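J.: Have a look at this one before I ask anything.
The values are calculated or read from the model by the stated rules, or taken from the named source; none is laboratory data. What you see is a predicted model, and the numbers here were worked out from it, not measured in a lab. Here the Cβ positions follow ideal geometry from the backbone for every residue, glycine too, while neighbour counts run over all protein chains shown. Areas reflect the complete protein model, heavy atoms only, side chains present, ligands, DNA and RNA absent. Shrake-Rupley method; radii C 1.70, N 1.55, O 1.52, S 1.80 Å.
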Amino acid sequence: MKTIIEPFRIKSIEPIRMTTREEREQYIIDAWYNLFTLRSNDVLIDLLTDSGTSSMSARQWGAIMEGDESYAGSPSFYRFEAAVKKLMPFKYLIPTHQGRAAESILFTVVTDSSHSIPNNTHFDTTRANVEAQGAEAVDLVIPEGKQPDLEHPFKGNMDIEALERFIQERGADHIPICMLTVTNNSGGGQPVAMENIRQTREVCDRYGIPLFIDACRFAENAWFIKLREPGYEDKPVVEIVREMFSYADGCTMSAKKDGLANSGGWLAMNNEDWAVECRNRLILTEGFSTYGGLTGRDLEAIAVGLEEVVQEDYLHYRIASTQYVARHLAEAGVPIMKPAGGHAVYIDARQFLPHIPPLQYPGQSLAVELYKHGGIRGCEIGTVMFGKKPDGTEAPAAMDLVRLAIPRRVYTQSQMDYLIEVVGEVYEKRHELRGMKFIREPKALRHFTGRFDYVDA
Ligand SMILES: Cc1ncc(COP(=O)(O)O)c(C=O)c1O
């Protein structure tokens, strides 16, 4: 059959509160034109993030009732540990309340201000946690990954030659770990090929540098490998996942993505000395080593989520629905990042709004208009998010994108059709959109709490 159906039925629903354009215009003024400041009740289709927004399955809700809330040694931890190790067989597993807590613990333990961390592209919290140690976060994605229009099966790949050059110039002593983000969220949700993971590992081995994977969307990455990389078409996804992690020395993970859970994360590694220090840090900041920042019921939900996320019917539907939105937008002439990523469709706001210069935040202007026009909440990933440098100067980011992140198992196809219609209508009147400026700007992660207005307001 040509139609790929959602491989589930809906058992429980959440009503959406309908709003008018006039109401939304007021809500966004009240929110200082920052989509993060809106109340979610005032949003029709919430594509701000795919993080923590998944629908849980009946099996996950059932498992939640099995959660054992013992302070130490809970059976829920051991079920969680078994589920993680089936996919990512690292020796030491440290549960955290979400991904950034794992990052914070890792970088506090392994980095100092003389260090640099190479990555294909750091996610914003990863970069902020590296920089919080005074260290430098360096993005080395392949050049194709920075060209939104270009079709390439693995645009998240690390630029292997650039990585080796960087290590030689900087000196391996100043690089405590190398990272690879799968899929590459800030670079458009693009996958990393198995061959590229292997080559990154080889370079790291030559210089004695451990490789850590930012594993948030590991299952979606594995599905792309199965679809696009020769030799993997007949391999079960679980085997592909295990091979991906066999090349790494550790990982950070947010279970809010491919854990299919609303909360949770972990840090895993093979290095015992680091693990001991990370556990001490965990106890100081998150909780005891068999729960981290999580309840027993969270651990249960993640354990079941990890089984469900590698089911091939699920991954087939998941990636097909993202591609469906991307295909229809591209057919309407909307400039999008090609090919579509795993968890999101990225609109190229710089091309959508060529009359708005990058330092007037075309992505923010577009995201605001999508909300006003159709109640869609997306997220700017561009100069607002990445333009501010640690020394206080500002420069255009490599790209100005608006990310429409699709929550897992949440929206139906007719809701995606509505989204396509809203974006198409905003595209028709794109010349009317205006640039924006900050009127209040926090020092770090300014996109979360900054306040905006139109430049000519
Ligand atoms: C690639 C990547 N790494 C790390 C994180 C941080 O995870 P968390 O939001 O659970 O702190 C995210 C969150 O979106 C992400 O996409």
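J.: Could you tell me whether any residue of segment 338-361 is in contact (Cβ under 8 Å) with a residue 12 or more places away in the chain, within 24 Å of Asp139 (Cβ to Cβ), touching a Lys or Arg at 6+ places or on another chain (Cβ under 6 Å) and surrounded by fewer than 22 Cβ atoms within 10 Å (Cβ to Cβ)?
T.: The answer is no; no qualifying residue exists.
J.: In addition: Let me spell it out: the conditions are (1) surrounded by fewer than 24 Cβ atoms within 10 Å (Cβ to Cβ); (2) closer than 30 Å to Glu161 by Cα; (3) touching a Ser or Thr at 6+ places or on another chain (Cβ under 6 Å), and Gly296 meets all of them except one. Which number is the exception?
T.: Status for Gly296: all satisfied but (2).
J.: Could you identify the single residue in Val84, Val141, Val130, Val109 that is closer than 20 Å to Val309 by Cβ and of a type in the set (Val, Ile, Thr)? Even if it seems obvious, please write down each step before you answer.
T.: Working: Val141 fails: closer than 20 Å to Val309 by Cβ; Val130 fails: closer than 20 Å to Val309 by Cβ; Val109 fails: closer than 20 Å to Val309 by Cβ.
Just a single option satisfies the conditions, and that option is Val84.
J.: Let me ask you something else. Tell me which of these Glu66 doesn't satisfy, since it passes every other one: (1) in a helix (DSSP H, G or I); (2) open to solvent by 50 Å² or more (accessible area, probe 1.4 Å).
T.: Against the list (1) in a helix (DSSP H, G or I); (2) open to solvent by 50 Å² or more (accessible area, probe 1.4 Å), Glu66 comes up short only on (1).
J.: Looking only at residues that are touching a strand residue (DSSP E or B) at 6+ places or on another chain (Cβ under 7 Å) and acidic (Asp, Glu) in segment 116-164, which one is nearest to Ala215 (Cα to Cα)?
T.: Across segment 116-164, the extreme among qualifying residues is Asp139.
J.: Turning to a different aspect of this structure: Which is closer than 30 Å to Asp273 by Cβ and not polar (S, T, N, Q), of Arg100, Arg39, Arg59? Outline the logic, then answer.
T.: Values: Arg39 fails: closer than 30 Å to Asp273 by Cβ; Arg59 fails: closer than 30 Å to Asp273 by Cβ.
That would be Arg100, the only listed residue that is closer than 30 Å to Asp273 by Cβ and not polar (S, T, N, Q).
J.: Of the conditions (1) more than 18 Å from Val110 (Cβ to Cβ); (2) away from the ligand (no atom under 16 Å from the Cβ); (3) β-branched (Val, Ile, Thr), Ile175 satisfies every one except a single condition; which number is it?
T.: Status for Ile175: all satisfied but (1).
J.: Can you pull out the residues in segment 104-122 that are surrounded by fewer than 24 Cβ atoms within 10 Å (Cβ to Cβ) and not hydroxyl-bearing (Ser, Thr, Tyr)?
T.: Across segment 104-122, the qualifying residues are Val109, Val110, Asp112, His115.
J.: Specify which of the listed residues (Ala268, Ala219, Ala261) is part of a helix (DSSP H, G or I), closer than 27 Å to Arg297 by Cα and either in contact (Cβ under 8 Å) with a residue 12 or more places away in the chain or away from the ligand (no atom under 11 Å from the Cβ) (or both). Talk me through it step by step, then tell me what you get.
T.: Working: Ala268 fails: part of a helix (DSSP H, G or I); Ala261 fails: part of a helix (DSSP H, G or I).
Only one candidate passes the filter, namely Ala219.
J.: Could you grab me the full set of residues in segment 95-130 that are over 18 Å from the mean Cα position of the chain (by Cα) and either at pLDDT below 95 or within 23 Å of Thr53 (Cα to Cα) (or both)?
T.: Pro95
J.: Moving to a separate point now. Here is a check on your reading of the model: is Tyr71 touching a Phe, Trp or Tyr at 6+ places or on another chain (Cβ under 7 Å), open to solvent by 20 Å² or more (accessible area, probe 1.4 Å), more than 30 Å from Val304 (Cβ to Cβ) and modelled with pLDDT of 95 or more? Steps first, please.
T.: Details: touching a Phe, Trp or Tyr at 6+ places or on another chain (Cβ under 7 Å): yes; open to solvent by 20 Å² or more (accessible area, probe 1.4 Å): yes; more than 30 Å from Val304 (Cβ to Cβ): no; modelled with pLDDT of 95 or more: yes.
Against the criterion (touching a Phe, Trp or Tyr at 6+ places or on another chain (Cβ under 7 Å), open to solvent by 20 Å² or more (accessible area, probe 1.4 Å), more than 30 Å from Val304 (Cβ to Cβ) and modelled with pLDDT of 95 or more), Tyr71 does not qualify.
J.: Considering each residue of segment 245-278, count those that are open to solvent by 10 Å² or more (accessible area, probe 1.4 Å), in contact with an Asp or Glu (Cβ under 8 Å, 6 or more places away or on another chain) and closer than 24 Å to Ala193 by Cβ, and give that number.
T.: Of the residues in segment 245-278, 2 are open to solvent by 10 Å² or more (accessible area, probe 1.4 Å), in contact with an Asp or Glu (Cβ under 8 Å, 6 or more places away or on another chain) and closer than 24 Å to Ala193 by Cβ.
J.: Next up: Can you say whether Val325 is over 30 Å from Leu366 (Cα atoms), at pLDDT 95 or above, within 22 Å of the chain's Cα centre (by Cα) and crowded, with 17+ Cβ neighbours inside 10 Å, as far as the supplied structure shows? Even if it seems obvious, please write down each step before you answer.
T.: Details: over 30 Å from Leu366 (Cα atoms): no; at pLDDT 95 or above: yes; within 22 Å of the chain's Cα centre (by Cα): yes; crowded, with 17+ Cβ neighbours inside 10 Å: yes.
So Val325 fails the test.
J.: When both residues are 6+ apart or on different chains and their Cβ atoms are under 7 Å apart, which pairs have a first residue that lies in segment 1-17 and is touching a residue at least 60 places away in the same chain (Cβ under 8 Å), and a second that is surrounded by 10 or more Cβ atoms within 10 Å (Cβ to Cβ)?
T.: Ile4/His316; Ile4/Tyr317; Ile4/Ala320; Glu6/Tyr317; Pro7/Asp313; Pro7/Tyr314; Pro7/Tyr317; Phe8/Arg409
J.: Scan segment 227-245 residue by residue and report those that are part of a helix (DSSP H, G or I) and either touching a residue at least 24 places away in the same chain (Cβ under 8 Å) or within 16 Å of the ligand (Cβ to nearest atom) (or both). Before the answer, list the steps.
T.: At the first step, the residues of segment 227-245 found to be part of a helix (DSSP H, G or I) are 227-228, 237-245.
Leu227, Arg228, Val237, Val238, Ile240, Val241, Arg242, Glu243, Met244, Phe245, listed by residue number.
J.: Examine segment 121-133 for a residue that is under 30 Å from Ala330 (Cβ atoms), among the aliphatic types (A, V, I, L, M) and more than 13 Å from the ligand (Cβ to nearest atom), and state whether such a residue exists.
T.: no
J.: Same structure, new question: Could you list, in sequence order, all residues of segment 173-215 that are in a helix (DSSP H, G or I), open to solvent by 10 Å² or more (accessible area, probe 1.4 Å) and touching a helix residue (DSSP H, G or I) at 6+ places or on another chain (Cβ under 6 Å)?
T.: Matches in segment 173-215: Gln199, Tyr207.
J.: Next question. Taking the condition within 18 Å of Ala102 (Cβ to Cβ) and free of Cβ contacts under 8 Å to residues at least 40 places away in the same chain, does Ile283 pass?
T.: yes
J.: Check segment 286-300 and report whether any residue there is more than 16 Å from the ligand (Cβ to nearest atom), in a helix (DSSP H, G or I) and within 30 Å of Gln199 (Cβ to Cβ).
T.: No, because not a single residue in segment 286-300 is more than 16 Å from the ligand (Cβ to nearest atom), in a helix (DSSP H, G or I) and within 30 Å of Gln199 (Cβ to Cβ).
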